[in-house]
1. State the extension gain, in nm to one decimal, for the chain segment bounded by Leu51 and Met85, taking 0.36 nm per residue of separation less the distance between their alpha-carbons.
2. Work the Kirkwood hydrodynamic radius out for the chain: mean of 1/r over every pair of different alpha-carbon atoms, inverted, in Å.
3. Please report the carbon-and-sulfur percent of the accessible area for the chain; probe 1.4 Å, protein heavy atoms only, DNA, RNA and ligands left out.
4. Using a 1.4 angstrom probe with every protein chain in place, what is the largest-first accessible-area order of Lys6, Lys93?
Amino acid sequence: MKHKKKSVMYIQARLHAAETHGSFIMRNILLELTANYQKYDAILSSYIIKLVPMLNPDGVVIGNSRSSLSGVDLNRRWSSPNSIMHPEVYFMKIQMALTAKQSAGISLFCDLHGHNKQMN
C-alpha cells in the first residue's frame, strides 16, 4: 500500500526566551502523545506532528526575555526574516514551506506563548 500523504501540525515553544511555561507545556505534550498514544490514534494516523520545543535557544541560554542573541524580538520578524539576523525564524519558514510541499499541507501552527500581565 502506498504511503498516504498526511497533513502536518506544527507546535513550537520558547520563541520568547523567558516564556518558560512553554517548555512545561511542550514537555507534557510530548509525554501525553508518547505515553498515551492509543488515545490519539486517530490524530497520529492522520497527521504528522512536528514539535519544536525551543525555537530561540540562544536567547534562552543568555537569559534574554523577549529577544534573540542579536537582541531582536523574533515574533516581529515572521513576515520578512533575515538569514543572518533572524536565522531561527528564517530557517523555520523554509522548513515549513518544504513540509507543505512534501505533505498534504500544514493544517495547524501553534505557537506556545504566555504573558506576564493581564491585558484585555
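The values are calculated or read from the model by the stated rules, or taken from the named source; none is laboratory data. This is a predicted model, so every value here is computed, not measured. What goes into the accessible areas is simple: the full protein's heavy atoms, side chains included, and nothing from ligands, DNA or RNA. Shrake-Rupley method; radii C 1.70, N 1.55, O 1.52, S 1.80 Å.
1. Using 0.36 nm per residue and subtracting the Cα-Cα distance, I get 9.9 nm.
2. Averaging 1/r across every pair of different Cα atoms and inverting gives 15.7 Å.
3. Of the solvent-accessible surface of the chain, carbon and sulfur hold 58 percent.
4. Reading off the accessible areas and sorting them downward yields Lys93, Lys6.
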